[in-house]
């Protein structure tokens, strides 16, 4: 095979992914004076970030002044079964407070306390009312704010519907990436002095997941093939409450904010069963505990008609529900013809988040491969064995910023490496092989279906 033609795009910092972590990294790199390319296989801001609906975990102390970063640190470590990277947790708990106020300065809107401060709500396994929120649409507001900041940041340019399939190296260093445009299939090479992976997790390997189609683990695969270390890959979070009926809506997230606002879980016998599994925290136990509890009730024959449990928030009143949980009210009305102000609704565990990922240095988000950084769900270490609700949005702000700053600092000291046409040709050959009618081997789509059924 001869080398196919390809376009070359030069940048100081290449950011792979345009969710919250990618946008925050791009803003940091752009504000540091580096030309920054944000590349996404989907659309700008179309990311799993929007499914983090309940809020941002930050010890602001606006609702309960007893809260502080040390308590947040302890809650996060305990929730992660103490296998978290303690330094990442320390950085996170300390810096997320500033990141929330920074988001507010950038134009982010938050619900307010009666005296005008950012309001906070209760969430599972958090000692105090800690989650800064915008109703039940916090992730969407974060994306909106970071996207607006990014498009108005000098030096930042976005490339939508570009799929990157491999990283390019010079010796041990990552010097860019190769991929193709989704609209015409043309090959593209991004030459970069530093590369930040911010491509999210891999929930789509499971059949029932809250992840949209983009969550296929691209970043972890890119890093692994480039020689980067991964860690905690066995830890995948089942969010305890996803929709389970009707079939077409199965897996869609039902935010933990429903339970944070007082929602109660019942089995088919009308028993508030969390009293048996965690009588102290009840519905606000950690996600792994609540998910296992729902599963156990269903396995024991006490589940809802479609194999889950009933979540009931009617006692809060229709006006309160519509104000505090507008997305959930609309979601169930549109997809299941259920009015959550008048009747309980069925929920069950759904794959939501991957705790494991690319190993990074806590202070710089640098991977074990020179020239490569990672932030957000694609990275591992912060959450240990189980992430606390609200810590994902803070994660992408804190470590997205650190990754962008570190990548920019490195880029300023380097020049672009020449493109190795041998690496480009090898990747072109691998990609075009799937289009060869004479090629033999597994069908990747059928493999994906089989994997989802097994999982």
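The values are calculated or read from the model by the stated rules, or taken from the named source; none is laboratory data. The structure presented is a predicted model; accordingly, all values stated were derived computationally and were not measured. Positions of Cβ are backbone-derived with ideal geometry, glycine not excepted, and every protein chain shown enters the neighbour counts.
General remarks:
- Answer residue from the range 83-110, given it is part of a loop (DSSP other than H, G, I, E, B) and in contact (Cβ under 8 Å) with a residue 60 or more places away in the chain and is farthest from the chain's Cα centre (by Cα) among those: 83
- Among the residues here, residue 245 qualifies as over 19 Å from the mean Cα position of the chain (by Cα) and not in a helix (DSSP H, G or I).
- Consider the range 390-405 and keep the residues that are touching a strand residue (DSSP E or B) at 6+ places or on another chain (Cβ under 6 Å) and not in a loop (DSSP other than H, G, I, E, B). The one that is surrounded by the fewest Cβ atoms within 10 Å (Cβ to Cβ) is 394.
- For the range 211-240, taking the residues that are in contact with a helix residue (DSSP H, G or I) (Cβ under 7 Å, 6 or more places away or on another chain) and either farther than 19 Å from residue 182 by Cα or not assigned by TED's automatic domain parsing to the domain that holds residue 45 (or both), the one that is surrounded by the fewest Cβ atoms within 10 Å (Cβ to Cβ) is identified as 230.
Residues checked against (1) under 30 Å from residue 284 (Cβ atoms); (2) at pLDDT 95 or above; (3) crowded, with 24+ Cβ neighbours inside 10 Å:
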position	(1), (2), (3)
11	no, yes, yes
16	no, yes, yes
88	yes, yes, yes
92	yes, yes, yes
98	yes, yes, no
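- In the range 163-186, the residues that are in a strand (DSSP E or B) and over 15 Å from residue 40 (Cα atoms): 168, 169, 170, 173, 174, 175
- Among all residues of the range 409-416, there is none that is surrounded by 13 or more Cβ atoms within 10 Å (Cβ to Cβ) and within 18 Å of the chain's Cα centre (by Cα).
- Filter result for residue 62 (in a loop (DSSP other than H, G, I, E, B), modelled with pLDDT of 95 or more and surrounded by 22 or more Cβ atoms within 10 Å (Cβ to Cβ)): no
- Residue 180 vs. criteria within 22 Å of the chain's Cα centre (by Cα) and modelled with pLDDT of 95 or more: no
- Scanning the range 276-312 for residues that are assigned to a loop (DSSP other than H, G, I, E, B) and closer than 24 Å to residue 235 by Cα yields 278, 281, 285, 286, 307, 308.
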